[in-house]
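What follows is a short report on a single structure.
The values are calculated or read from the model by the stated rules, or taken from the named source; none is laboratory data. Note that the structure is a prediction, hence the values are computed from the model and not measured. Reconstructed Cβ throughout: ideal geometry from the backbone, glycine too, with neighbour counts over all protein chains shown.
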Amino acid sequence: MPAQPTKPGFASSFSNLGELRYFLAAAVPAGVAESAFTVLLGLHVYELTHSTLSLGWLGLAEAIPAIGLVLPGGHVADSASRRMVVTSTRLVLGCLALVLAIWSRHGAVGLLYGVAFAAGGVRAFDDPAATGLEAEILPPGRMLQAVSLVASVSRVSSLAGPVLGSLLYAAAGPEITFAAVAGLLALSAATIRFGIAGRPAPPPSGAGMLTAIGEGLRYAFSRQVIVGSMALDLFAVFFGGVTGLLPVFALDILHIGPAGVGLLRAAPAIGALAAMLVTTRHPPRRHAGAALHIAIAGFGLGVIVFGLSRSLPLSLAALVFAGACDGTSMVVRRAIVRLAVPDALRGRVAAVRGLFLSASNELGAFESGMAASLLGSVPAVWGGGVITLLVVAVTAWRAPQLRRLDMTHIGWDGYSV
């Protein structure tokens, strides 16, 4: 039996990737600032209006440009320097936070809506470019480990942002808090600008924006590996999401009070983070497609157990397990966009995936509420888990290339089956 090559340790795997360290160093302040920014906007709007309807309008103000501009954002990511796009978008977000730091006390709710609208549009350009930039600086042979590491850092930052932002808001007020957000975004932009080498922008294709966007859409929907992974993501979140119903379970089913909502929300995040840390060291290379299907099926099973449970320890364990499965699947799904897509199309395909994610997140909460009102909260949750299992089965049947996905050997088109 031939000798197996020695597997490099975690530290040696990234010892020469200086740009990855800078990318991670930029991701931390950006993740903290952007997640805090969203929560702080809502907090400030509610403080001024004391209206839940105002919060709904705020979410809509940010969602419309975020969804409507993401495909043009993917086109820009594939036609300009991604480093400069990311640097520019984070500077613009910082300027928006600075506007609120200066004028937040004037009580202009319309200004907050305008900033939310602008921030949603900026993020539509930032996310595809950041995805492409991440793939540019990472060697394909270590992509799964690096994606796990980046996802772990992003998750921790996004969890820390609302907590730190809320504490600072309570202690120092909105001016200081929004100024701190602006400073973190400026730090992230400077780290990207000076820590990552510039790469030439892709040569112009001569095609118009609509033609270029259509090319990205056709590529995404013509590849089983890509469209299958997006479908799994879309329907698992759409039918299997439980976040919107956690207050019902905390108050009426588990009887753990308002504080229990935070406990239930933290459980899947803890599971996801633990799974990402494990996959950083032991990425599912050879059986990546099978791992993706198993992980999303496990997510569905966790949701079913949570929906049927009347025990707090069992409910928490089910949410932790579901979160761990979601974290594992996230690593594979992120790697697919970075490995299974040519660099010239990566921004546009990332934008298509972002469109799926936005639709599933926004519409999934609506679906949960509607299903709970028609069927009851418990059947809505465990029924969503059952539908998730059915989606996994159908995808495994209809997209065999995704089921057999092997990321050990990277082919000309980014993956082998």
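Looking for something at pLDDT 90 or above and in a helix (DSSP H, G or I) - is there at least one such residue anywhere in region 45-53? Among the residues of region 45-53, not one is at pLDDT 90 or above and in a helix (DSSP H, G or I), which makes the answer no.
Each row is one residue, and each column tells you yes or no for (1) assigned to a helix (DSSP H, G or I); (2) modelled with pLDDT of 85 or more.
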{"site": "T280", "(1), (2)": "yes, no"}
{"site": "R286", "(1), (2)": "no, no"}
{"site": "A291", "(1), (2)": "yes, yes"}
{"site": "I294", "(1), (2)": "yes, yes"}
{"site": "S315", "(1), (2)": "yes, yes"}
{"site": "R333", "(1), (2)": "yes, no"}
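Residues of region 119-147 that are charged (D, E, K, R) and at pLDDT below 75: R142 alone. Pull up region 153-165, narrow it to residues that are in contact with a Leu (Cβ under 7 Å, 6 or more places away or on another chain) and at pLDDT 80 or above, then point me to the one that is surrounded by the most Cβ atoms within 10 Å (Cβ to Cβ). The residue in question is G165.
Which is in the same structural domain as I387 (by TED's automatic domain parsing) and under 30 Å from A212 (Cβ atoms), of A350, A297?
Among A350, A297, only A350 is in the same structural domain as I387 (by TED's automatic domain parsing) and under 30 Å from A212 (Cβ atoms).
Could you please let me know if A275 is of a type in the set (A, V, I, L, M), in contact (Cβ under 8 Å) with a residue 40 or more places away in the chain and in a helix (DSSP H, G or I)? Criteria met by A275. Taken residue by residue, region 387-399 has at least one member that is in a loop (DSSP other than H, G, I, E, B), surrounded by fewer than 23 Cβ atoms within 10 Å (Cβ to Cβ) and either modelled with pLDDT of 85 or more or outside the structural domain of A297 (by TED's automatic domain parsing) (or both).
When residues of region 339-350 are filtered for being of a type outside the set (A, V, I, L, M, F, W, C) and either without any contact (Cβ under 8 Å) to a residue 12 or more places away in the chain or surrounded by fewer than 24 Cβ atoms within 10 Å (Cβ to Cβ) (or both), how many remain? Residues that pass the stated criteria total 2.
Residues that are out of contact with any helix residue (DSSP H, G or I) (no Cβ under 7 Å at 6 or more places or on another chain), assigned to a helix (DSSP H, G or I) and among the polar types (S, T, N, Q) were ranked within region 5-41; the one that is modelled with the lowest pLDDT is S12. Residue check: V150 meets all listed conditions (1) buried (at least 20 other Cβ atoms within 10 Å of the Cβ); (2) among the β-branched types (V, I, T); (3) modelled with pLDDT of 85 or more but one, namely (3). Annotation note: Cβ proximity below 7 Å between a residue of region 204-220 that is at pLDDT 80 or above and a residue that is among the β-branched types (V, I, T) (sequence gap 6+ or interchain) occurs for G216/V349; G216/V352; L217/V352; Y219/V349; A220/I226; A220/V227; A220/V349; A220/V352.
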